[in-house]
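The values are calculated or read from the model by the stated rules, or taken from the named source; none is laboratory data. Just so we're clear, the structure is a prediction, and the values are computed from it rather than from any experiment. Every residue, glycine as well, gets a Cβ built from its backbone with ideal geometry; the counts of neighbours run over all protein chains shown. For the accessible areas, the whole protein counts, side chains as well, though only heavy atoms, and no ligand, DNA or RNA atoms are used. Shrake-Rupley method; radii C 1.70, N 1.55, O 1.52, S 1.80 Å.
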Amino acid sequence: MFGWRRRGRENARAEEYAVDEDFHEQEEAAVDGGPYDREEAPDDEIERLDLGSVRLPVPENSQLQVEIDPEGPVRAVHLLTPSGRLTVSAFAAPRTGELWQEVRQELANQLRSDGATVRFEDGAWDTEIVADTPKSSLRFVGVDGPRWLLRGVAASPAADLDSCTKLLHAVMEETIVDRGSDPMPVRTPLPIELPQEIAQHIQHQQEQAQAQA
């Protein structure tokens, strides 16, 4: 249904990666399979972007946008697709799981306080949040795993949210989460580590910007 980049294909050029240092901010049936814990990762031909804590399949005709904290750490990595923007990130969770239910309600409350219209809908894995704002429509998806929570966000114009959501589900279904063995507080974002090629390209962009300042 969706085109993934496959192993053996020439790596994407550095020009495909966009940097935004100051950026702030269903499927119709249940999904079988992933997202996968590192211990149960499938041996398939899908080429995944290795970000350390998560390994994401990259849809065809998409680009990366890296959001960097002014202090240096990577805040988020977004996939920019023709139907909208996808963001997938992982967090530390308790062994008992079921963190998404708690986080979901807090997210809904925060969105409402920011003026968004919020509703809950059944999703691929669990109940999901749909929020309408003056700028875009959003869908928040959560999956509880072994000591981790994987959260995905689709952001697009209202007319494209369904197709953007389906693509988000497809990406999350093939995502691999590497929680690591180190203890960390619940809800701590799992660290994002950029591949060397992308990190070097971003550093080059930053140096050029500083030289022109």
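Can you confirm whether segment 32-55 contains a residue that is at pLDDT below 75 and exposed (fewer than 15 other Cβ atoms within 10 Å of the Cβ)? Within segment 32-55, one or more residues are at pLDDT below 75 and exposed (fewer than 15 other Cβ atoms within 10 Å of the Cβ).
Residue by residue, here is whether (1) farther than 25 Å from Glu193 by Cα; (2) outside any loop (DSSP other than H, G, I, E, B); (3) open to solvent by 10 Å² or more (accessible area, probe 1.4 Å); (4) of a type outside the set (A, V, I, L, M, F, W, C) holds:
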{"residue": "Ala76", "(1), (2), (3), (4)": "no, yes, yes, no"}
{"residue": "Leu79", "(1), (2), (3), (4)": "no, yes, no, no"}
{"residue": "Thr96", "(1), (2), (3), (4)": "yes, no, yes, yes"}
{"residue": "Arg104", "(1), (2), (3), (4)": "yes, yes, yes, yes"}
{"residue": "Arg119", "(1), (2), (3), (4)": "yes, yes, yes, yes"}
{"residue": "Phe140", "(1), (2), (3), (4)": "no, yes, yes, no"}
{"residue": "Gly152", "(1), (2), (3), (4)": "no, yes, no, yes"}
{"residue": "Leu161", "(1), (2), (3), (4)": "yes, yes, yes, no"}
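Given the criteria of a type outside the set (Gly, Ala, Ser) and open to solvent by 60 Å² or more (accessible area, probe 1.4 Å), does Pro195 qualify? Write out each step before concluding.
Values: of a type outside the set (Gly, Ala, Ser): yes; open to solvent by 60 Å² or more (accessible area, probe 1.4 Å): no.
Judged against the criteria, Pro195 is not a match.
Taken over segment 142-161, residues that are among the hydrophobic types (A, V, I, L, M, F, W, C), farther than 16 Å from Arg95 by Cα and within 12 Å of the chain's Cα centre (by Cα) amount to 3.
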